[in-house]
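Structure, as structure tokens:
The values are calculated or read from the model by the stated rules, or taken from the named source; none is laboratory data. Note that the structure is a prediction, hence the values are computed from the model and not measured. Because the Cβ atoms are built from the backbone with ideal geometry, glycine has one as well, and the counts that use them run over all protein chains shown. Side chains are part of the model used for accessible areas, which takes the heavy atoms of the whole protein and leaves out ligands, DNA and RNA. Shrake-Rupley method; radii C 1.70, N 1.55, O 1.52, S 1.80 Å.
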Amino acid sequence: MPNRIKGTSVSTGLAIAPVHVVTSGADEIPTFTVGEGRIDAEIARLEEALASASAELDRRREIVASQAGPKEAEIFGVQKLVLQDPGALEQVQSAIREQRINAESAVKLLIDRLSQTLGKLGEDQSRGFVADVSEPWKRVLDALLNRDREAVLSVGEKVVVAAAELTPRTVTYFSREYLLGVICEVGGRYSHGAVLARALGIPCVVGVPNLLARLEQDMIVAVDGDRGFLQLSPSDEDEAEFEERLIGRQERASSMAELALSPAETSDGAKLTVKANIEGLRDLDTFDIATIDGVGLFRTEFLYMERNQFPSEEEQYRVYRRVLERLDGKPVTMRTLDIGADKKLPYFKTPHEPNPALGWRGLRIALGWSDLMRVQLRALMRASVHGNLRILLPMVTSLEEVREVHKLYDLLRKELVSQGYDVAEHVPVGAMIEVPSSFLTLRHLIKEVDFVSVGTNDLVQYLLAVDRDNPWVANLFEPYHPAVLMALKYVASTTREAGKSCGVCGDMAADPATAVMLLGMGFDSISAAAHFAPEIKHAVRSVTMEEAEELAKRLDEQAESQAVRGILEEFGERFDLTVDALRFGGKA
Ligand code: PEP
Ligand code: MG
């Protein structure tokens, strides 16, 4: 098929819609090709943005003149003159016409050119001047970007988003109702952008070099997250085939809907607890709580990431309490703040780190800035009387860290009680196992925690020395590496020997055959985005515990990840299991 491009799926599902190119980072400008017939419309977009930037400058000039005087307001008049320079406008227009690039890119080229030319004047002489002449053009850029986004939202158009890189911003650029699919030139399969795409159930394909240059804004694109393909401008025939597959998918989903209300229990009575990973209170409106056994991972950092300042104890308390109440007695595992690496807070500037994955993140930040931990633990403890709370610590690397948290916890508990707050008698505290040192010392650690949950996204990263956010090594990120399976098996047996509960909340648990493997290894619970629950339950209900154990044993004997994948493939076919994107098609 022409225009069919092979990529790597990071989230399953099918989508077909006009494409909308966006930026992956706040400072980046999207570049795409403008079709021959759309050049005049693109120039009209530029002119509209120019007019809007000029009007904004007039508005500012008036405000400053009335508040500080006409002299201070002069700068805005000068900036407006810069925008009226016919030479500059001509350069931008001809870039759009001749290079057939979008207005944002053409304006960016002008800004870069101005900086280069004026940069040659010498540092001191030019610095202020470059800022002056580029500033008004940056306003034009902002106008272009904002209008574009607003235009999509105002008509309520559903789109496929395209970007250079898969980041959390790409996946949340539009709310879920407008966003049918995501396609990117690069993206780590276990990056937080990918984790979010899966959590939101957005079909997503990455690993398509030079994608943006091949796209035109609003071109129809079909995203095949099940097979890892894209189809640009599909023919009527292709569209019809795609629609047919979409219907097939919907039919399967509705046939699973009823099953989702039953427990994940093998035909011989072994149970796997299936919980949901959530990023916030809103997620609870996107699925039926009756289909899950609890929340296995509430990534509380998203509460911090969505705000302009640290959420107060009161704000956090209200959210935690509401989540616990909504779960109505089912267990809710809330993970303490896990920021760092690609999960950044816009208002919390941390120093640049050459190796952020090995740097200041997770528990290290929370304990380093103990006020952060104090506020969160107080909020959690206050909420604890409103449901079945469990606290989970991210990025645990040593027993000392856990002891430090316990000390703080005991202190804060006394403080709260003396202040007249009700606090649950016992709140289980668990450790995430995602750093090799934590599973290597698990026999000590397990004595001082109530449960463990394996974060395979990070565990794979640290075991295999592959940065989960670095698209250049995405093909080396292999959750089915025998070393990973060995670690998983060890965690399950050590935890069970200690009589404690062990789960997996990393993304590999979402794959139905993998969930059966984890059950066979001895894990008692898994947690994944809620929409995976029906297929996982179907998988568990299709097998006996003996079959699950046999599968785990066979996989444990394999020396190569490809062999592990092959066995899972066969197993899935035998029991009519779906395949999650992360296992589909092998490596990126
Ligand atoms: C993990 O590392 O597997 C995990 C569940 O946490 P996160 O993806 O938020 O780092
Ligand atoms: Mg993690």
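Just from its helices, what would the mean residue ellipticity at 222 nm be for the chain, if runs of 4 or more DSSP H residues each count -39500 (n - 2.57) and the sum is divided by every residue, rounded to the nearest 500 deg cm²/dmol?
About -15500 deg cm²/dmol.
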Sticking with the crude label model, points 7 Å out along Cα→Cβ, report the distance from residue 374 to residue 90 in nm, one decimal please. 6.5 nm
Considering only protein heavy atoms and a 1.4 Å probe, what is the carbon-and-sulfur percentage of the accessible area of the chain? 51 percent
Once R0 is set to 51 Å, what does the formula 1/(1 + (r/R0)^6) return for the Cβ-Cβ distance between residue 573 and residue 349, expressed as a FRET efficiency to the nearest 0.05? 0.50
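Can you give the accessible area per residue of region 36-155, in Å², using a 1.4 Å probe? Mind dumping the intermediate values first?
On the way: 6910 Å² over 120 residues.
Heavy-atom accessible area per residue stands at 58 Å².
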Helix 512-521 sits at what angle to the longest principal axis of the chain, using alpha carbons and giving 0 to 90 degrees rounded to 10? 40 degrees
Net charge (Lys, Arg +1; Asp, Glu -1) of residues whose beta-carbon lies under 13 Å from that of residue 377, residue 377 excluded, is +2
Antiparallel %, DSSP beta bridges [both residues in the chain], to 5: 30 percent
Considering only protein heavy atoms, what per residue accessible area in square angstrom results for region 262-587 with a 1.4 angstrom probe? 40 Å²
The convex hull of the Cα atoms of region 231-282, divided by residue count, gives a volume in Å³ per residue of 170 Å³
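Report, in listed order, any pair from 275/489; 108/344; 271/537; 108/158 with a Cα-Cα distance greater than 22 Å. Could you put the intermediate results ahead of the total?
Details: 275/489 20 Å; 108/344 26 Å; 271/537 10 Å; 108/158 28 Å.
From 275/489; 108/344; 271/537; 108/158, over 22 Å: 108/344; 108/158.
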Label point 7 Å out from residue 261 along Cα-to-Cβ: which residues of region 517-551 have amide N under 20 Å? 530-542
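Please work out the FRET efficiency for the pair residue 210 and residue 135, using the Cβ-Cβ distance as r and a Förster radius of 25 Å; give the result to the nearest 0.05. Numbers along the way, then the final one.
On the way: r = 32 Å, r/R0 = 1.28.
E between residue 210 and residue 135, to the nearest 0.05, is 0.20.
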Two pseudo-spin positions, 7 Å from Cα along C-beta at residue 498 and at residue 157, lie apart in nanometres by 5.5 nm
Contour minus end-to-end for residue 6 and residue 286, with contour as 0.36 nm per residue of separation and end-to-end as the Cα-Cα distance? 97.7 nm
For the chain, take the longest principal axis of its alpha carbons; what is the angle in degrees between that and the long axis of helix 39-68, to the nearest 10 within 0 to 90? 80 degrees
Extension length gain for residue 358 and residue 328 (0.36 nm per residue less Cα distance), in nm, is 7.0 nm
Given backbone amide H placed at 1.01 Å from N, residues whose amide H is under 5 Å from that of residue 294, ignoring those fewer than 5 places away on the same chain, are 276
Please give the FRET efficiency for residue 246 paired with residue 82, using the beta carbon to beta carbon distance and R0 = 60 Å, rounded to the nearest 0.05. 0.75
